[in-house]
Amino acid sequence: MDQFTLNLLFVGASFALYIGIAIWARAGSTSEFYAAGRGVHPVTNGMATAADWMSAASFISMAGLIAFTGYDNSSFLMGWTGGYVLLALLLAPYLRKFGKFTVSEFIGDRFYSPTARLVAVICLIVASTTYVIGQMTGVGVAFGRFLEISNTSGLLIGACIVFAYAVFGGMKGVTYTQVAQYVVLILAYTIPAVFISLQLTGTPIPAIGLFSEVSTGGESSVYLLQKLDRIVTDLGFASYTEAHKDNLNMVLFTLSLMIGTAGLPHVIMRFFTVPKVSDARWSAGWALVFIALLYLTAPAVGAMARLNITNLMWPNGTDGDAVSVQMIAEDERYDWMETWQKTGLLDWKDKNGDGQIQYYNDQSDAMAEKAAANGWEGNELTKFNRDILVLANPEIANLPGWVIGLVAAGGLAAALSTAAGLLLAISSAVSHDLLKGQLTPNMSEKAELMSARIAMAVAIAVATILGLNPPGFAAQTVALAFGLAAASIFPALMMGIFSKRVNNVGAVSGMLAGLGFTLVYIFLHKGWLFIAGTNSFPDTVDGSLFGIQSTAIGAVGAIINFAVAYAVSMATKDTPQEIKDLVESVRIPAGAGGAVDH
């Protein structure tokens, strides 16, 4: 059976499962659409939350960014994982105790203001729409490769699939679909990693294999990371295991991802689906366990893939000849290159006409002399989109066809599961918070469900259009969304739970200041509305406005949000007593008394 047919079987079977579950768990009421009837078991919810959170950025893009950058991009791992700890400890149980359907509803009630609820809806839509762009980017990459069509066609097909099962199922359907998607994506991620770790190190656990010895090509034993360091520096690239970015951007970026994670509305919504407050904590704990299975594997996937790619491009070692054009065309080990070339995400060109494809860093001063001596005219692996690495990894390592098919299904599961959760958050904000809560409070339940589905369909269309020309790789686009959530939603939730003094005027001012500053800063560096060529500053450390990259600015926006909210609150009326009592009831269990001195 050829690879294309295998891919269709795996992807088709997984989609049939997802759509079947969505039909079986079709939402029949607003409670089921928004919160799955509040009857989801903590383990089930933890697995669904893990799938909801481990998006195309985690599955498809993160290992690729780590592979081609190394240590510096480990901040993705630290930020996203650390943020989940914040969410579990500081937000999830309190928000579940409050007992509302959405984040915006909590903010509107806590800050006793329809305006606060409206501003929260705007913040949520901006952050979630940016996040969906990253997911649709991943969907296009995955569909493009495994259906052997262009990236654009793959994105359009993926949008139709998301529409089919997310619009009708609501939170109830999405929850149980995401459980199935988690199983598919974790198997698809770890099985190839186990195979490759065994090939390179003889160790079946990738996280251990990353720090194990590898011996190939008759060399004496050397640690995998040491060998990778030597190879990439021989080709003029930066050392894989050393830090190269300035510490300020790395700290701010990690912090932005952490608090952005804790402020993501589509993840927070998952904690409204469990029966009890204690179940919210257990859900967060189980989700962290399920997430760790992938996150402990990702660094190994990145390092091992980079080593395999470099060895394929330099089969005779970095001091020998590069791979020939004839070998790429005739050797089956290089079939993956011609397959990915069809998507437009991988390309090469024999610039100097020597019949070889030299892959090296042509921007390195250290390589200039060697390149001139050998007659090289620049890096000839002209395009290697970072988002293809995990999906291409089994082919690069020459693994069995069924593994490649499984990875196809897993990549799509990761992108589609998060896209569905985000779209549900957007639709809930529009129908429940904006229409039902603000504009048409007498709307019937049937009309509310219909408006939610229409809002979701519109969001899919917008994300698809923007996903055709994303502002970066999937993980980079998602990092922008985390920054927007960090600057707008997270501070409002924290102050709403832990401060009685912050009032409605302060909360609204803080959210607008944090969101406005962060969004404008991002547009100045990424282009207005992410339109290429409209940016005023390059998105580099040296060229950026304040020396801070756009992916790290969310932490600064959060500080501005906190500062403005407290300053305005202190200069205006105190919070009403009933709101102070509400905050007290959310934070302290009913019936709890003071400590007694024995």
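Per-residue answers, yes or no, for (1) at pLDDT 80 or above; (2) surrounded by 20 or more Cβ atoms within 10 Å (Cβ to Cβ); (3) closer than 17 Å to Y182 by Cβ; (4) touching a strand residue (DSSP E or B) at 6+ places or on another chain (Cβ under 7 Å):
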residue	(1), (2), (3), (4)
T5	yes, no, no, no
H41	no, no, yes, no
A56	no, yes, yes, no
I60	no, yes, yes, no
I66	yes, yes, no, no
D72	yes, no, no, no
S104	yes, yes, no, no
**OP:** Could you tell me which numbered condition I125 fails, if it satisfies all but one of (1) over 22 Å from the mean Cα position of the chain (by Cα); (2) surrounded by fewer than 24 Cβ atoms within 10 Å (Cβ to Cβ)?
**Re:** (1)
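Would you point out which residue out of A486, A475, A479 is modelled with pLDDT under 80 and either crowded, with 24+ Cβ neighbours inside 10 Å or in a helix (DSSP H, G or I) (or both)?
A475
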**OP:** Kindly indicate whether L156 is in contact with a helix residue (DSSP H, G or I) (Cβ under 8 Å, 6 or more places away or on another chain), under 24 Å from A457 (Cα atoms), at pLDDT 85 or above and open to solvent by 10 Å² or more (accessible area, probe 1.4 Å).
**Re:** no
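Among the residues in region 107-117, are any part of a helix (DSSP H, G or I), within 16 Å of L424 (Cβ to Cβ) and open to solvent by less than 10 Å² (accessible area, probe 1.4 Å)? Let's see the steps before the verdict.
From region 107-117, those part of a helix (DSSP H, G or I) are 107-110, 114-117; that's our starting set.
This time we only want the ones that are within 16 Å of L424 (Cβ to Cβ), so: none.
No, there is no match, as no residue in region 107-117 is part of a helix (DSSP H, G or I), within 16 Å of L424 (Cβ to Cβ) and open to solvent by less than 10 Å² (accessible area, probe 1.4 Å).
Out of the residues in region 142-155 meeting the condition of being outside any loop (DSSP other than H, G, I, E, B) and polar (S, T, N, Q), tell me which one is farthest from the chain's Cα centre (by Cα). Spell out the reasoning first.
Initial filter on region 142-155 (outside any loop (DSSP other than H, G, I, E, B)): 142-146, 151-155.
From the residues that got through so far, the ones that are polar (S, T, N, Q) too are 151-153.
Working: N151: 19, T152: 20, S153: 22 Å.
Only one residue fits best here, namely S153.
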Original post:
Restricted to region 165-218, and to residues that are assigned to a loop (DSSP other than H, G, I, E, B) and at pLDDT 80 or above, which residue is surrounded by the most Cβ atoms within 10 Å (Cβ to Cβ)?
Top reply: L210
Subject >> Members of region 305-342 that are at pLDDT below 90, β-branched (V, I, T) and not in a helix (DSSP H, G or I) >> reply: T318
Original post:
Limited to region 230-249, what total is found for residues that are open to solvent by less than 30 Å² (accessible area, probe 1.4 Å) and out of contact with any Asp or Glu (no Cβ under 6 Å at 6 or more places or on another chain)?
Top reply: 5
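Is there a residue in region 131-141 that is modelled with pLDDT of 85 or more, in contact with an Asp or Glu (Cβ under 7 Å, 6 or more places away or on another chain) and either under 19 Å from A452 (Cβ atoms) or part of a helix (DSSP H, G or I) (or both)?
First, pick out the residues of region 131-141 that are modelled with pLDDT of 85 or more: none.
Checked against the condition, which is being modelled with pLDDT of 85 or more, in contact with an Asp or Glu (Cβ under 7 Å, 6 or more places away or on another chain) and either under 19 Å from A452 (Cβ atoms) or part of a helix (DSSP H, G or I) (or both), region 131-141 yields no hits at all.
Could you please give the count of residues in region 344-380 that are in a helix (DSSP H, G or I), of a type in the set (S, T, N, Q) and open to solvent by less than 40 Å² (accessible area, probe 1.4 Å)?
Here is the first cut: in region 344-380, the residues in a helix (DSSP H, G or I) are 365-374.
Okay, now just the ones that are also of a type in the set (S, T, N, Q), so 374.
Pick out the ones that are also open to solvent by less than 40 Å² (accessible area, probe 1.4 Å) and you get none.
Within region 344-380, residues that are in a helix (DSSP H, G or I), of a type in the set (S, T, N, Q) and open to solvent by less than 40 Å² (accessible area, probe 1.4 Å) number 0.
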Subject >> Within region 277-304, considering residues that are among the hydrophobic types (A, V, I, L, M, F, W, C), under 13 Å from A88 (Cα atoms) and open to solvent by less than 40 Å² (accessible area, probe 1.4 Å), the one modelled with the lowest pLDDT >> reply: A280
Original post:
What residue, among those in region 522-556 that are surrounded by fewer than 19 Cβ atoms within 10 Å (Cβ to Cβ) and among the aromatic types (F, W, Y), is nearest to the chain's Cα centre (by Cα)?
Top reply: F523
**OP:** Out of T273, T261, T233, report the one residue that is of a type in the set (V, I, T), at pLDDT 80 or above and touching a Ser or Thr at 6+ places or on another chain (Cβ under 8 Å).
**Re:** T233
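Determine if region 142-152 includes at least one residue that is at negative phi, among the hydroxyl-bearing types (S, T, Y) and crowded, with 24+ Cβ neighbours inside 10 Å.
Here is the first cut: in region 142-152, the residues at negative phi are 142-147, 149-152.
Filter again for among the hydroxyl-bearing types (S, T, Y), leaving 150, 152.
From the residues that got through so far, the ones that are crowded, with 24+ Cβ neighbours inside 10 Å too are none.
No, region 142-152 contains no residue that is at negative phi, among the hydroxyl-bearing types (S, T, Y) and crowded, with 24+ Cβ neighbours inside 10 Å.
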Original post:
If only one of A16, A50 is surrounded by fewer than 20 Cβ atoms within 10 Å (Cβ to Cβ), of a type outside the set (V, I, T), at pLDDT 75 or above and part of a helix (DSSP H, G or I), which one is it?
Top reply: A16
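Does V325 satisfy the criteria of being touching a residue at least 24 places away in the same chain (Cβ under 8 Å) and touching a Lys or Arg at 6+ places or on another chain (Cβ under 6 Å)? Break it down stepwise before answering.
Details: touching a residue at least 24 places away in the same chain (Cβ under 8 Å): yes; touching a Lys or Arg at 6+ places or on another chain (Cβ under 6 Å): no.
It is false that V325 is touching a residue at least 24 places away in the same chain (Cβ under 8 Å) and touching a Lys or Arg at 6+ places or on another chain (Cβ under 6 Å).
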Original post:
Among the residues of region 396-405, is any over 21 Å from T5 (Cβ atoms), open to solvent by 30 Å² or more (accessible area, probe 1.4 Å) and not in a helix (DSSP H, G or I)?
Top reply: no
Original post:
Exactly one of (1) aliphatic (A, V, I, L, M); (2) modelled with pLDDT under 90; (3) open to solvent by 30 Å² or more (accessible area, probe 1.4 Å); (4) in a helix (DSSP H, G or I) is unmet by I560. Its number?
Top reply: (2)
Original post:
Within region 489-518, how many residues turn out to be part of a helix (DSSP H, G or I), more than 24 Å from A552 (Cβ to Cβ) and open to solvent by less than 10 Å² (accessible area, probe 1.4 Å)?
Top reply: 4
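The values are calculated or read from the model by the stated rules, or taken from the named source; none is laboratory data. Keep in mind the model is a prediction, meaning the values are calculated, not measured. Note that we place each Cβ from the backbone using ideal geometry, even for glycine, and neighbour counts take in every protein chain shown. Note: accessible area is taken over every heavy atom of the protein model, side chains too, but ligands, DNA and RNA are not part of it. Shrake-Rupley method; radii C 1.70, N 1.55, O 1.52, S 1.80 Å.
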